[in-house]
Structures are given as C-alpha cells and as structure tokens.
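Enquirer: Structure below; questions to follow.
The values are calculated or read from the model by the stated rules, or taken from the named source; none is laboratory data. Just so it is clear, the structure is predicted and the values come from calculations on it, not from any experiment. All Cβ positions, even for glycine, are placed from backbone atoms using ideal geometry, and neighbour counts span all protein chains on display.
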Amino acid sequence: MWLGVAAALLANLLFSVGFVVEKRALTGLPPLSAARPGQVVLHLVRSPLWLVGAGALGLGFAAQLAVYRTLPLVAAQGLFVTGLVMLLLLSPVFLGERSSGRERLAMLAILAALVMIVLSLRGGPEAISHTAPPPLLLALTVPSLALGLLLFVTAERRSRRRHRLPTAGVPYGVAVGFLYGVSSLAIKGVAGLLEERTVPEWGLAVLASPYPYLLLCTGSSGLVLSQTALQRCRASLIVPVCTTVTFLFTVAAGTVAFDEPLPAEPLRLALRLGGAALAVTVLLALPRHDEPADSPDSPAAPAPPRPAGAVPLPDPRTEGVRHVP
C-alpha cells in the first residue's frame with residue numbers, strides 16, 4: 001500500500017515538473033497550431049528544454065504502472081489529483097504565474113483530501129481488478145476520444161472569431177482531460193497484464209490487447225493538443241481543468257470497465273469517497289479566468305514611462321475641482 005502511495009507522489013512530482021518545464025520551453029517557441037501537427041512536433045523536438053519536460057512526463061507515466069498495480073482505481077486517481085498542489089507551488093517560481101488567494105486555499109483543501117484518501121487505505125487488503133473486457137473498454141473510450149477531439153476543434157474555431165471573449169482555456173482543458181482519461185485506463189490495463197507473467201509473456205499479452213493502440217492514439221493526439229493548449233493558456237489554470245475531467249472520467253468509466261469494488265467498511269468508504277469528492281470540488285471551484293489587473297490578488301500594472309519634457313495631462317476626475325485650503 002505504501003509503495004503505491006510513494007509511487008503516486010513521485011508521479012505527481014514528475015508530472016508537475018514536466019508541465020512547468022514544457023510551459024517554460026513553449027514560451028520561446030513560435031505559435032503552435034493543432035491544424036499543423038507535423039510542424040508542432042518539429043518545433044518541439046528541436047527544443048532541448050521541452051525534451052527534458054517530456055522526459056519527466058514519461059517517467060511519471062511509468063510510475064503510474066506501480067500505482068495501478070498496488071492501489072484501487074478511486075484511491076489512485078484521488079492521489080493523482082493532489083499533484084495540483086505541487087504545480088501551484090512551482091508555477092509562481094519558474095513561470096511567474098502568481099497564485100490567487102483561492103488557489104492558495106485550494107492547496108490546503110487538497111492536502112486534506114490527500115490525508116483522507118491515505119487513511120482510507122489503512123486496513124485489510126482490497127480487491128484490485130486488473131483486466132477489463134475489451135469490447136466494453138472500447139465502447140467507453142472510443143466515443144470519449146472522439147468527443148475530446150471535437151471539443152478541441154470547436155474551441156479552435158471559436159478562438160478565431162472576431163470580437164470574441166478572451167479564451168479561458170476551459171474547453172482546451174476538458175478536451176485534453178478526456179484524452180488523458182483514456183490514457184489512464186490504458187495504463188491501468190497494461191499494469192494489470194503484468195500480474196503473474198514473465199516479461200516475454202507480458203509483451204505478447206500487451207500486443208494482443210487494445211491498450212497499446214489506445215496509448216498510441218492518445219499519445220500522438222494528446223501531444224499536439226496538450227502542447228498547443230499549454231502554450232496559449234496559463235498552466236495553473238488549464239491543468240486543474242484537465243485534472244478534474246481526467247479524474248471524473250477515469251473513476252466513472254474505469255469502475256464500470258474494471259468492475260472494481262469500493263471498501264466495505266463504512267468509515268473507509270466515507271473517507272475514500274469524501275476525499276475524492278473534496279478534491280474534485282476544490283478543482284471545480286478554482287477560478288477559470290485570470291484575475292483582472294486591478295484585482296487585489298493580481299499585481300498592479302506599472303505605468304508607462306512619460307517622455308522627457310512632456311506636460312502631464314489633467315486628470316478628468318479632478319479637473320475643475322477647486323481645492324479649498
């Protein structure tokens with residue numbers, strides 16, 4: 001159990017570092033467009049800094065294999081949600097994305113959710129499902145992939161309209177969240193095939209399953225879509241939205257596909273579901289738009305420099321007002 005918790009926290013750290021490094025690299029790249037995926041990949045692989053971030057994300061996905069082998073699905077996803085705290089701690093330091101007061105309170109609430117989920121793991125061993133019927137899995141994942149792609153295309157079309165409202169990043173986060181949710185189910189399936197198999201047997205079993213092909217689809221499309229969205233939106237805004245959708249989809253679809261039971265004890269069940277619900281509630285309550293410039297939570301914009309010798313214009317608010325001594 002503790003191995004799974006440690007692997008989940010390690011995965012959170014790797015994901016947070018990977019997102020921050022990739023976002024830092026994306027700021028120095030030309031504007032990316034999902035309509036030109038080949039050009040996107042070419043720009044990305046030419047950036048050494050982006051490759052470092054991608055490597056951190058790859059190690060994070062590898063750590064998920066250990067998590068899904070040792071922890072139930074709901075508990076694992078609840079622990080992954082707590083990675084938002086690490087992201088909100090790293091983004092102000094390395095990206096200059098200042099956290100609002102609501103985001104700082106969210107850190108404390110998500111830490112409370114982490115404690116609740118860890119406490120729900122104490123007790124006897126739990127049944128962990130390792131396989132899912134391929135027809136049922138495909139019936140849940142293929143429409144979700146199509147929905148994610150459709151949402152992204154719709155967001156792209158809206159962003160090109162004139163006189164549009166500023167893009168908040170929510171549609172992009174929802175679209176990428178569906179892709180990551182399908183990827184999470186495929187990783188859980190690959191981890192389940194490791195059970196009582198040698199490495200050659202495991203390799204053959206993986207190739208005969210739908211999991212590597214789902215990962216190939218989500219990996220290729222998710223690479224282009226996620227990097228395009230991450231370049232256009234604030235990381236500390238889009239990642240919470242993506243994490244929320246990934247959590248909800250993985251728990252709902254994964255519980256059906258893998259038929260994984262919840263704890264039977266009332267206290268552990270309340271802690272498990274309560275911790276997961278608290279994490280999701282906090283993510284949904286996070287601000288989806290950047291604070292305006294005159295907000296108390298945002299830094300004041302510096303006044304533009306005045307040319308030498310220029311006469312200051314009168315303030316319309318005080319013009320004509322006579323000051324009485």
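Enquirer: Here are Leu29, Leu3: which of them is under 25 Å from Phe80 (Cα atoms), surrounded by fewer than 18 Cβ atoms within 10 Å (Cβ to Cβ), more than 17 Å from the chain's Cα centre (by Cα) and in contact (Cβ under 8 Å) with a residue 40 or more places away in the chain?
Expert: The conditions single out Leu3.
Enquirer: Here's something else I'd like to know. Does Leu147 satisfy being at pLDDT 90 or above, within 30 Å of Leu88 (Cβ to Cβ) and assigned to a helix (DSSP H, G or I)?
Expert: Yes: the conditions hold for Leu147.
Enquirer: Identify all residues within the stretch 218-242 that are in contact with a Leu (Cβ under 7 Å, 6 or more places away or on another chain) and among the hydroxyl-bearing types (Ser, Thr, Tyr); write none if there are none.
Expert: Thr218, Ser221, Thr228, Ser236
Enquirer: Considering Leu59, Leu84, which residue is closer than 19 Å to Leu10 by Cβ, aliphatic (A, V, I, L, M), within 17 Å of the chain's Cα centre (by Cα) and buried (at least 20 other Cβ atoms within 10 Å of the Cβ)?
Expert: Working: Leu59 fails: buried (at least 20 other Cβ atoms within 10 Å of the Cβ).
From the options Leu59, Leu84, the qualifying one is Leu84.
Enquirer: What are the residues in the stretch 252-266 that are free of Cβ contacts under 8 Å to residues at least 60 places away in the same chain and either part of a loop (DSSP other than H, G, I, E, B) or not small (Gly, Ala, Ser) (or both), if any?
Expert: Answer for the stretch 252-266, where residues must be free of Cβ contacts under 8 Å to residues at least 60 places away in the same chain and either part of a loop (DSSP other than H, G, I, E, B) or not small (Gly, Ala, Ser) (or both): Ala264, Pro266.
Enquirer: So is Tyr211 closer than 21 Å to Phe152 by Cα and not aliphatic (A, V, I, L, M) or not?
Expert: Values: closer than 21 Å to Phe152 by Cα: no; not aliphatic (A, V, I, L, M): yes.
No; evaluated as a whole, the condition is false for this residue.
Enquirer: What are the residues in the stretch 253-281 that are more than 16 Å from Ile187 (Cα to Cα) and either within 20 Å of the chain's Cα centre (by Cα) or hydroxyl-bearing (Ser, Thr, Tyr) (or both), if any?
Expert: Gly275, Ala276, Ala277, Leu278, Ala279, Val280, Thr281
Enquirer: Quick one: which of Ala132, Ala113 is touching a helix residue (DSSP H, G or I) at 6+ places or on another chain (Cβ under 8 Å) and at pLDDT 85 or above?
Expert: Step by step, each of Ala132, Ala113 is checked, and only Ala132 is touching a helix residue (DSSP H, G or I) at 6+ places or on another chain (Cβ under 8 Å) and at pLDDT 85 or above.
Enquirer: Another one. Taking the condition modelled with pLDDT under 80 and exposed (fewer than 10 other Cβ atoms within 10 Å of the Cβ), does His289 pass?
Expert: So His289 does not fit the description; no.
Enquirer: Within the stretch 214-227, does at least one residue satisfy the condition of being under 18 Å from Gly83 (Cβ atoms) and in a helix (DSSP H, G or I)?
Expert: Yes: the stretch 214-227 contains one or more residues that are under 18 Å from Gly83 (Cβ atoms) and in a helix (DSSP H, G or I).
Enquirer: When you look at Ser33, is it of a type in the set (S, T, N, Q) and touching a Pro at 6+ places or on another chain (Cβ under 8 Å), yes or no?
Expert: Details: of a type in the set (S, T, N, Q): yes; touching a Pro at 6+ places or on another chain (Cβ under 8 Å): no.
In short, no.
Here's the yes/no breakdown for (1) surrounded by fewer than 19 Cβ atoms within 10 Å (Cβ to Cβ); (2) modelled with pLDDT of 85 or more; (3) touching a strand residue (DSSP E or B) at 6+ places or on another chain (Cβ under 7 Å); (4) aliphatic (A, V, I, L, M):
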| position | (1), (2), (3), (4) |
| --- | --- |
| Ala186 | no, yes, no, yes |
| Gly203 | yes, yes, no, no |
| Leu207 | yes, yes, no, yes |
| Pro212 | yes, yes, no, no |
| Thr243 | no, no, no, no |
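Enquirer: Take the residues of the stretch 150-177 that are over 17 Å from the mean Cα position of the chain (by Cα) and among the β-branched types (Val, Ile, Thr): which is modelled with the lowest pLDDT?
Expert: For the stretch 150-177, the residue satisfying everything is Thr167.
Enquirer: Is at least one residue of the stretch 195-202 on the phi < 0 side of the Ramachandran plot, touching a helix residue (DSSP H, G or I) at 6+ places or on another chain (Cβ under 7 Å) and in a helix (DSSP H, G or I)?
Expert: Checked the stretch 195-202: no residue is on the phi < 0 side of the Ramachandran plot, touching a helix residue (DSSP H, G or I) at 6+ places or on another chain (Cβ under 7 Å) and in a helix (DSSP H, G or I).
Enquirer: Also: I'd like to check which helices (runs of 4 or more DSSP H) are fully inside the stretch 1-106 and have at least 1 residues that are in contact with a Leu (Cβ under 6 Å, 6 or more places away or on another chain), more than 24 Å from Ala285 (Cβ to Cβ) and among the aromatic types (Phe, Trp, Tyr).
Expert: 48-70
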